[in-house]
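Q: Let me begin by handing over the structure; questions about it come next.
The values are calculated or read from the model by the stated rules, or taken from the named source; none is laboratory data. What you see is a predicted model, and the numbers here were worked out from it, not measured in a lab. Cβ atoms come from the backbone with ideal geometry, glycine included; neighbour counts cover every protein chain shown.
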There are 2 protein chains.
Amino acid sequence: MGIFGAIEAGGTKFVCGIGTGRDDLVTTHIPTTSPDATVAAAVAWLRERSGGRLSAVGIGSFGPVDLIRGSITSTPKTAWRNYDLAGAVAKGLNVPVRFDTDVNAAVLGEARWGAARGVSNCLYLTIGTGIGGGAIIGGQIVHGLTHPEMGHVRIPHDAADDPYAGACPYHGDCLEGLASGPAIEGRWKTPGCDLPADHPAWALEARYLAFGIANFVCTLSPEKILMGGGVMRQGQLYEMVRGEVERILAGYVERLPEIGPPELGEFAGVLGALALARSAL
Amino acid sequence: MGIFGAIEAGGTKFVCGIGTGRDDLVTTHIPTTSPDATVAAAVAWLRERSGGRLSAVGIGSFGPVDLIRGSITSTPKTAWRNYDLAGAVAKGLNVPVRFDTDVNAAVLGEARWGAARGVSNCLYLTIGTGIGGGAIIGGQIVHGLTHPEMGHVRIPHDAADDPYAGACPYHGDCLEGLASGPAIEGRWKTPGCDLPADHPAWALEARYLAFGIANFVCTLSPEKILMGGGVMRQGQLYEMVRGEVERILAGYVERLPEIGPPELGEFAGVLGALALARSAL
């Protein structure tokens with residue numbers, strides 16, 4: 001099979017990797033500048049480090065992305081808008097490329113090497129600057145007409161209890177608008193990392209995240225839900241979210257999914273891209 | 001391949017069918033009484049009408065169901081609780097049986113012979129006494145830890161605008177609690193079928209259904225959504241729901257799914273069960 005190349009394409013850096021799995025992965029970081037310069041640097045590193053033995057490359061990209069065209073679409077980084085990232089990498093390396101969203105790559109990586117090993121129905125959520133989700137159902141990444149946008153589900157918001165209008169420029173008080181890092185900072189006028197673990201911010205945060213998760217449970221029935229991203233560094237949230245999900249579903253759903261942290265940490269994205277590369281063959 | 005048997009197991013009747021598809025389906029109705037008597041009658045009819053040539057049987061059942069055990073679980077019809085319906089049919093006819101929820105059968109039937117022909121990612125919603133949904137993603141019915149319970153997603157509910165507390169005994173104002181037939185009657189003190197097409201009930205109904213659908217779009221990204229059930233006999237709702245979904249998603253999701261009625265009408269359930277039977281082999 002040779003070895004595989006991986007690119008986690010982010011807004012500030014590209015993490016590139018080479019290997020066959022979690023144990024032999026070698027990575028490097030390339031700053032995200034212009035599309036042509038960034039892709040040329042990534043392609044050069046992948047070519048050189050692999051000694052020309054690459055079998056396929058996987059790309060997990062920031063978005064929103066067009067999965068059919070393999071490009072990023074409406075990013076505020078105008079130079080990247082509609083840039084054919086998958087095509088540029090395929091042309092540069094002359095190997096098959098599989099392209100997907102960063103969160104879809106992450107769920108695939110966790111299902112292959114991380115906390116969701118052997119789980120056919122699982123969900124990866126990242127709660128940070130934004131909220132995103134990737135799902136594997138029946139062993140396959142959920143795509144569809146386009147890709148899911150799980151951060152933008154609408155949930156109950158009691159404005160009497162929490163008058164904050166929400167941070168999402170599109171929807172105001174969708175899940176991301178109420179529970180992302182910027183929403184926490186906007187509501188409490190303090191970054192989440194500066195709020196103590198017993199601050200009332202976290203009970204509210206857990207409730208909103210649990211409303212989102214309850215909806216994903218009712219819609220997808222996952223066996224396992226992994227929650228990562230900067231906000232989840234508040235480790236007390238896991239137990240609070242589990243309790244709130246149980247309270248919200250009120251015994252109607254008999255079996256609830258496990259909810260816990262991902263395992264691959266900062267390597268989730270690039271290992272996910274490596275898993276994409278393996279599945280490209 | 002021979003011919004296939006189908007059972008749509010409902011709380012008041014079992015619809016049984018024999019055939020290979022939509023064009024040659026022959027059906028009968030058996031009243032739902034005790035499990036043993038009902039299954040014996042269904043088995044006898046299937047055996048006799050098939051001349052013993054059945055290849056497999058599919059069952060789409062009322063629920064909630066245990067998909068692993070093939071039984072109905074917590075129904076108020078106590079005699080049916082934990083009854084091994086799939087096992088009893090398999091034993092009676094000595095053929096493979098595939099068992100699923102009624103809504104999962106319905107989406108499979110619509111995908112094979114109805115309004116979602118050739119669509120790999122679709123959703124079937126029924127809005128009536130309850131609200132239920134079945135999804136096909138990547139050509140496969142979505143199962144998971146158990147089966148989805150799409151009627152029970154939580155959505156925004158502005159109590160100042162609509163003080164009705166919701167009809168769901170578990171969750172109060174979940175989607176089913178706000179938008180099922182009983183919720184319409186509870187809120188307006190009039191059955192929905194007696195409310196004129198320009199009554200404000202329908203704008204509110206469309207908004208709630210659209211909140212649910214917007215969440216399904218963000219989570220599953222279906223290409224097509226079919227809405228059936230008694231409430232959708234108010235045909236004006238389709239256009240109203242489409243408009244509200246567009247308004248709620250506010251341009252963030254670039255491509256929206258088609259939303260329309262199912263095609264198989266009263267035969268959706270039994271044809272879905274027939275499709276299950278075909279997939280059992």
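Q: Here is a list: B:47, B:69. Which entry is among the basic types (Lys, Arg) and either in a helix (DSSP H, G or I) or at pLDDT 95 or above (or both)?
A: Checking each option against the conditions leaves just B:47.
Q: Now, a different point. From the list B:227, B:232, which residue is in a strand (DSSP E or B), within 20 Å of the chain's Cα centre (by Cα) and touching a residue at least 12 places away in the same chain (Cβ under 8 Å)?
A: The unique qualifying residue is B:227.
Q: Of all residues in region B:234-251, which are surrounded by 18 or more Cβ atoms within 10 Å (Cβ to Cβ) and either within 14 Å of another protein chain (Cβ to nearest Cβ) or under 21 Å from residue A:66 (Cβ atoms) (or both)?
A: Result: B:244, B:245, B:248, B:249.
Q: Out of B:34, B:74, report the one residue that is more than 26 Å from residue B:134 (Cα to Cα) and either surrounded by fewer than 17 Cβ atoms within 10 Å (Cβ to Cβ) or of a type in the set (Ser, Thr, Tyr) (or both).
A: Going through B:34, B:74 in turn, just one is more than 26 Å from residue B:134 (Cα to Cα) and either surrounded by fewer than 17 Cβ atoms within 10 Å (Cβ to Cβ) or of a type in the set (Ser, Thr, Tyr) (or both): B:34.
Q: In region A:52-74, which residues are under 17 Å from residue A:14 (Cα atoms) and away from chain B (no Cβ under 13 Å)?
A: Step one: of region A:52-74, the residues under 17 Å from residue A:14 (Cα atoms) are A:57-65, A:70-72.
Within region A:52-74, A:57, A:58, A:59, A:60, A:61, A:62, A:70 qualify.
Q: Return the only residue of A:97, A:107, A:142 being within 15 Å of residue A:222 (Cβ to Cβ) and at pLDDT 95 or above.
A: A:107
Q: Now for a different question. Looking at (1) among the small types (Gly, Ala, Ser); (2) more than 16 Å from the chain's Cα centre (by Cα); (3) at pLDDT 95 or above; (4) not in a helix (DSSP H, G or I), which one does residue B:206 not meet, given that it meets all the others?
A: In the conditions (1) among the small types (Gly, Ala, Ser); (2) more than 16 Å from the chain's Cα centre (by Cα); (3) at pLDDT 95 or above; (4) not in a helix (DSSP H, G or I), residue B:206 misses (4) alone.
Q: Which of the strands (runs of 3 or more DSSP E) contained wholly in region B:1-43 include at least 1 residues that are within 11 Å of residue B:273 (Cα to Cα)?
A: Answer list for region B:1-43: B:3-9, B:13-19.
Q: Just to check your reading of the model, which residue among B:127, B:68 is surrounded by 20 or more Cβ atoms within 10 Å (Cβ to Cβ) and either closer than 30 Å to residue B:255 by Cβ or among the β-branched types (Val, Ile, Thr) (or both)?
A: Working: B:68 fails: surrounded by 20 or more Cβ atoms within 10 Å (Cβ to Cβ).
Result of the check over B:127, B:68: B:127.
Q: Further, regarding this structure: Can you name the residue in region A:77-114 that is outside any helix (DSSP H, G or I), without any contact (Cβ under 8 Å) to a residue 60 or more places away in the chain and within 14 Å of another protein chain (Cβ to nearest Cβ) and, of all such residues, is surrounded by the most Cβ atoms within 10 Å (Cβ to Cβ)?
A: This residue is A:101.
Q: Something else now. Residues of region A:123-139 being more than 11 Å from the chain's Cα centre (by Cα), among the aliphatic types (A, V, I, L, M) and either more than 7 Å from chain B (Cβ to nearest Cβ) or under 16 Å from residue A:168 (Cβ atoms) (or both), which ones?
A: Hit for region A:123-139 is A:136, nothing else.
Q: Going through B:142, B:231 one at a time, which residue ends up being facing chain A (nearest Cβ under 9 Å), under 30 Å from residue B:71 (Cβ atoms), buried (at least 19 other Cβ atoms within 10 Å of the Cβ) and among the hydrophobic types (A, V, I, L, M, F, W, C)? It would help to see each step written out before you state the result.
A: Working: B:231 fails: facing chain A (nearest Cβ under 9 Å).
Among B:142, B:231, only B:142 is facing chain A (nearest Cβ under 9 Å), under 30 Å from residue B:71 (Cβ atoms), buried (at least 19 other Cβ atoms within 10 Å of the Cβ) and among the hydrophobic types (A, V, I, L, M, F, W, C).
Q: So, one more: Go through region B:121-144 and give me each residue that's closer than 24 Å to residue A:122 by Cβ and assigned to a loop (DSSP other than H, G, I, E, B).
A: B:121, B:138, B:139, B:142, B:143, B:144
Q: Kindly evaluate residue B:207 against the criterion of being closer than 23 Å to residue A:212 by Cβ, more than 8 Å from every other protein chain (Cβ to nearest Cβ) and not polar (S, T, N, Q).
A: In short, yes.
Q: Just name the residue that is surrounded by the most Cβ atoms within 10 Å (Cβ to Cβ) out of those in region A:13-31 that are β-branched (Val, Ile, Thr) and more than 14 Å from residue A:269 (Cα to Cα).
A: Within region A:13-31, the match that is surrounded by the most Cβ atoms within 10 Å (Cβ to Cβ) is A:30.
Q: Tell me the residue from B:242, B:255 that is under 18 Å from residue B:215 (Cα atoms) and in a helix (DSSP H, G or I), please.
A: B:242
Q: What are the residues in region A:145-183 that are within 20 Å of residue A:227 (Cα to Cα), facing chain B (nearest Cβ under 8 Å) and part of a loop (DSSP other than H, G, I, E, B), if any?
A: A:147, A:148, A:149, A:153, A:155
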